[in-house]
Amino acid sequence: YTGEDTLSLHDALPISEVTSYLRTADIGLIMNTHHVNHELSTPTKFSEYAHADIPIVASDVKFLAEETRRRGMGEVFISGDIQSFVEAVKKVTADPAKYKKAYTKEFLHEKSWEAQCEKLSPLYQELAHANPQPRAASEFKVGEREEKAAEQPVADFYRQFLSA
């Protein structure tokens, strides 16, 4: 959102560019609502925001709220409560460095795909009774991302969305 009465739409980012792109943000929002799958886990963006070194403003779904508070990486608001959301955003934007302290080297490693693979790959292999051969590591280079933002008035965007 550009702060004007327009909405900028961007193509999906390659996974290799997500963290770099997120680093341009001031805070990471996780607006989950109270549904069973939201209550029991943290979304991928939880780790992506941590790796991008941005504080989090998260809704009060059970596990997400507990992790955000326990680790001190952001503020929690009551899902659907605008005043609570505004207060959380104000707290985080007033002192972002306070929340960024939570992103220790150990925590970031724990929340990395590499660390997750160390734990999950053997489990999946056991459950699937599989013995896959390891793949050679690949290297990629992040190039200049081509901006393909389409500007359209917010009203037109919602009209198009609602008519679909």
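The values are calculated or read from the model by the stated rules, or taken from the named source; none is laboratory data. Here the structure is a predicted model, which is why all the values come from computation and not from measurement. Heads up, the Cβs are rebuilt from the backbone with ideal geometry, glycines too, and the neighbour counts pull from every protein chain shown.
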Would a scan of region 99-120 turn up a residue that is surrounded by 11 or more Cβ atoms within 10 Å (Cβ to Cβ), touching an Asp or Glu at 6+ places or on another chain (Cβ under 8 Å) and hydrophobic (A, V, I, L, M, F, W, C)? no
Report whether or not residue 111 is at pLDDT below 70 and either within 23 Å of residue 52 (Cα to Cα) or of a type in the set (S, T, N, Q) (or both). no
Being modelled with pLDDT of 90 or more, among the hydrophobic types (A, V, I, L, M, F, W, C) and either in a helix (DSSP H, G or I) or over 16 Å from the mean Cα position of the chain (by Cα) (or both), is that true of even one residue in region 5-18? no
Restricting to region 77-92, and then to whatever is in a loop (DSSP other than H, G, I, E, B) and touching a residue at least 12 places away in the same chain (Cβ under 8 Å), can you tell me which residue is surrounded by the most Cβ atoms within 10 Å (Cβ to Cβ)? 79
Just checking, how many residues over region 22-76 are among the aliphatic types (A, V, I, L, M), closer than 21 Å to residue 112 by Cβ and assigned to a loop (DSSP other than H, G, I, E, B)? 4
(1) modelled with pLDDT of 95 or more; (2) surrounded by fewer than 19 Cβ atoms within 10 Å (Cβ to Cβ); (3) of a type in the set (Asp, Glu) all hold for residue 48 apart from (1)
Please state which of the following conditions residue 102 fails to meet, knowing it meets all the rest: (1) outside any loop (DSSP other than H, G, I, E, B); (2) out of contact with any Ser or Thr (no Cβ under 8 Å at 6 or more places or on another chain). (1)
